[in-house]
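K.L.:
Below you will find the structure I want to go over with you.
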Amino acid sequence: MYRLDVQTPRHIEYLQTLEKNGADFWTEIRLGSVDVRVESQDKLEREDTFTKLGIQFSVMIEDLGNLLKESKTWVTKGNKNSAGAKHSMDWTSYHPVEDMHDFMDYLAETYEYVSVSSIGKSYEGRDMRVLSVCKGGCGNKPAMWIDGGIHAREWVSPATVTFMMNELIENDAEHSDLTENLDWYILPSHNPDGYAFSISDDRLWRKTRAPNGNSGCFGTDANRNWGFHWNEGGSSDNPCSDTFMGAEAFSEIENQNVRDFVWERKDQIKFYNTIHSYSQYILLPWGWGYDLPENYAELEALAYEAVAELTAVHGTRYEVGCIPCLLYIASGGSLDWALGEAGIPYSYGMELRDTGSNGFILPPDQIIPTGEETWVYHLTAARAILREFGTQA
Ligand code: 0X9
Ligand code: ZN
């Protein structure tokens with residue numbers, strides 16, 4: 001994996017040619033920092049071209065092949081380590097979505113204020129399950145929405161989301177104001193088919209898994225498929241591209257399922273966070289362009305407050321900013337829809353660890369520290385939501 005410093009339109013043109021010829025980019029092609037995978041047999045030739053074109057480069061991951069091989073040993077399936085264990089989830093390895101669902105079932109069986117519901121099935125027929133955490137019944141308090149795994153290969157996202165479920169509920173006594181005064185809706189896997197495929201076949205798979213007509217290519221980028229300013233830039237109409245927007249807005253059943261669940265609760269939900277990796281960014285709307293929403297200052301203030309607490313946990317630094325300010329234009333993203341269509345005021349995206357040393361292939365010993373700091377981010381955000389929308393005396 002190379003990290004390139006892209007400076008001119010000529011650089012961009014060259015990289016676009018590489019992409020057309022099948023090169024795997026881990027970021028969009030844009031001015032600034034771009035991460036790209038190079039096959040080892042092409043190494044010298046590529047470096048030569050980078051130098052000729054004046055593209056500065058550094059090696060981000062020396063031996064990705066080896067890291068990918070190693071990452072096959074990072075998944076545990078249905079293994080209840082200790083006798084009498086109630087579920088097989090842990091945060092020292094990655095798990096298939098079935099283990100996450102068992103864990104959610106365990107929480108729902110154990111705590112009367114926790115329930116699990118299926119919001120529909122994925123294209124391949126997997127359940128999409130949301131955990132609802134509502135003391136005294138759902139629907140009477142301001143609510144928090146968290147989802148993970150909209151992009152299949154970003155494994156630390158569902159791992160972190162389930163870590164936070166555990167913290168929110170099993171350690172409720174330490175922060176019971178959060179469940180007394182708020183409802184929580186948590187979806188660990190927005191794209192269970194893609195996630196399963198990234199475990200079984202292609203560790204770097206990003207999209208959903210529905211076939212795209214007779215193109216021979218599969219999957220839509222579920223974070224380019226939402227119906228607010230859909231197809232307004234930063235997405236592709238090529239069904240083989242990793243940022244394929246879909247044949248139309250909400251073509252993906254997974255997106256329809258999430259849309260319908262959130263829409264029904266749109267007046268209740270005040271905070272929406274869709275969790276990705278990597279880069280250590282808090283992403284603010286809009287993704288479709290450089291315009292800023294009218295509540296941008298409030299969005300930014302809450303993010304900075306919560307990031308300060310996140311950083312205090314393990315020293316991890318995050319940047320806060322609008323999507324094109326930090327990354328690139330990306331239309332059809334879920335957080336744009338959450339604010340622009342559903343009217344959820346505090347709508348964010350988050351790119352978890354790291355900044356590129358492992359990228360998407362984050363070693364499992366980083367799940368717990370990532371979970372701990374991301375939890376504190378949400379704890380702080382939740383208290384800010386309570387300050388503004390809470391009704392308790
Ligand atoms: O490109 C994306 O979808 C996100 N980055 S990632 O590397 N995780 O794929 C950025 C999301 C920008 N968010 C929205 N447009 N909503
Ligand atoms: Zn992502």
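K.L.:
Considering (1) open to solvent by 20 Å² or more (accessible area, probe 1.4 Å); (2) more than 13 Å from ligand 1 (Cβ to nearest atom), say which one residue 235 fails and leave the rest.
P.N.:
Residue 235 satisfies all of (1) open to solvent by 20 Å² or more (accessible area, probe 1.4 Å); (2) more than 13 Å from ligand 1 (Cβ to nearest atom) except (2).
Matching residues to (1) out of contact with any Lys or Arg (no Cβ under 7 Å at 6 or more places or on another chain); (2) more than 21 Å from residue 361 (Cβ to Cβ):
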| residue | (1), (2) |
| --- | --- |
| 53 | no, yes |
| 58 | no, no |
| 69 | yes, no |
| 74 | yes, no |
| 90 | yes, no |
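K.L.:
Still on this structure, I have one more. What are the residues in segment 343-372 that are under 23 Å from residue 33 (Cβ atoms) and assigned to a helix (DSSP H, G or I), if any?
P.N.:
366, 370
K.L.:
Kindly provide the set of residues from segment 133-152 that are buried (at least 22 other Cβ atoms within 10 Å of the Cβ) and over 20 Å from residue 260 (Cα atoms), ordered by number. If you could, list the steps in order and put the result at the bottom.
P.N.:
First, the residues of segment 133-152 that are buried (at least 22 other Cβ atoms within 10 Å of the Cβ): 133, 141, 143-152.
The one that is buried (at least 22 other Cβ atoms within 10 Å of the Cβ) and over 20 Å from residue 260 (Cα atoms): 152.
K.L.:
Just one of (1) open to solvent by 70 Å² or more (accessible area, probe 1.4 Å); (2) at pLDDT 95 or above trips up residue 83, so point out which.
P.N.:
The failed condition is (2).
K.L.:
Return yes when residue 351 is modelled with pLDDT of 95 or more, open to solvent by 10 Å² or more (accessible area, probe 1.4 Å), of a type in the set (Asp, Glu) and within 16 Å of the chain's Cα centre (by Cα) and no when it is not. Give the derivation first.
P.N.:
Numbers: modelled with pLDDT of 95 or more: yes; open to solvent by 10 Å² or more (accessible area, probe 1.4 Å): yes; of a type in the set (Asp, Glu): yes; within 16 Å of the chain's Cα centre (by Cα): yes.
It is true that residue 351 is modelled with pLDDT of 95 or more, open to solvent by 10 Å² or more (accessible area, probe 1.4 Å), of a type in the set (Asp, Glu) and within 16 Å of the chain's Cα centre (by Cα).
K.L.:
Just give me the residues in segment 1-11 being touching a strand residue (DSSP E or B) at 6+ places or on another chain (Cβ under 7 Å) and open to solvent by less than 30 Å² (accessible area, probe 1.4 Å), in sequence order.
P.N.:
Filtering segment 1-11 for residues touching a strand residue (DSSP E or B) at 6+ places or on another chain (Cβ under 7 Å) gives 1-6.
The answer is 1, 2, 4, 6.
K.L.:
If you don't mind, there's one more thing I want to ask. Within segment 172-193, can you find the residues that are among the hydrophobic types (A, V, I, L, M, F, W, C) and either touching a helix residue (DSSP H, G or I) at 6+ places or on another chain (Cβ under 8 Å) or buried (at least 19 other Cβ atoms within 10 Å of the Cβ) (or both)?
P.N.:
We begin by selecting, within segment 172-193, every residue among the hydrophobic types (A, V, I, L, M, F, W, C); these are 173, 178, 182, 184, 186-187.
Selection gives 178, 182, 184, 186, 187.
K.L.:
A further question on this structure: Take the conditions free of Cβ contacts under 8 Å to residues at least 40 places away in the same chain, part of a helix (DSSP H, G or I), open to solvent by 10 Å² or more (accessible area, probe 1.4 Å) and under 30 Å from residue 140 (Cβ atoms) and apply them to residue 387. Does it pass?
P.N.:
Working: free of Cβ contacts under 8 Å to residues at least 40 places away in the same chain: yes; part of a helix (DSSP H, G or I): yes; open to solvent by 10 Å² or more (accessible area, probe 1.4 Å): yes; under 30 Å from residue 140 (Cβ atoms): yes.
The answer is yes for residue 387.
K.L.:
Regarding residue 371, is this residue within 14 Å of the chain's Cα centre (by Cα) and away from ligand 1 (no atom under 12 Å from the Cβ)? Show your work before the answer.
P.N.:
On the way: within 14 Å of the chain's Cα centre (by Cα): yes; away from ligand 1 (no atom under 12 Å from the Cβ): yes.
When the stated conditions are applied, residue 371 passes them.
K.L.:
Out of all the residues in segment 5-28, which are over 18 Å from residue 325 (Cα atoms) and in a strand (DSSP E or B)?
P.N.:
25
K.L.:
Still on this model: Out of segment 38-55, which residues are touching a residue at least 40 places away in the same chain (Cβ under 8 Å), crowded, with 16+ Cβ neighbours inside 10 Å and either part of a loop (DSSP other than H, G, I, E, B) or within 16 Å of ligand 2 (Cβ to nearest atom) (or both)?
P.N.:
Result: 55, single match.
K.L.:
Just checking, how many residues over segment 95-132 are among the hydroxyl-bearing types (Ser, Thr, Tyr) and buried (at least 22 other Cβ atoms within 10 Å of the Cβ)?
P.N.:
1
K.L.:
Oh, and also: Please go through segment 206-229 and give me each residue that is open to solvent by 10 Å² or more (accessible area, probe 1.4 Å) and on the phi > 0 side of the Ramachandran plot, ordered by number.
P.N.:
To start, the set of residues in segment 206-229 that are open to solvent by 10 Å² or more (accessible area, probe 1.4 Å) comprises 206, 209-218, 223, 227-229.
Result: 213, 216, 229.
K.L.:
Right, something else. Taking only pairs six or more apart or across chains, which ones have beta-carbon atoms under 9 Å, a first residue in segment 217-232 that is under 18 Å from residue 348 (Cβ atoms), and a second residue that is acidic (Asp, Glu) and within 13 Å of ligand 1 (Cβ to nearest atom)?
P.N.:
Pairs found: 226/336; 226/341; 228/336; 228/341; 229/336.
The values are calculated or read from the model by the stated rules, or taken from the named source; none is laboratory data. Being a predicted model, the structure only gives us computed values, none of them experimental. A quick note on method: Cβ atoms are made from the backbone with ideal geometry, for glycine too, and the neighbour counts reach across all protein chains shown. Quick note on the areas: whole protein, heavy atoms, side chains included, nothing else; ligands and nucleic acids left out. Shrake-Rupley method; radii C 1.70, N 1.55, O 1.52, S 1.80 Å.
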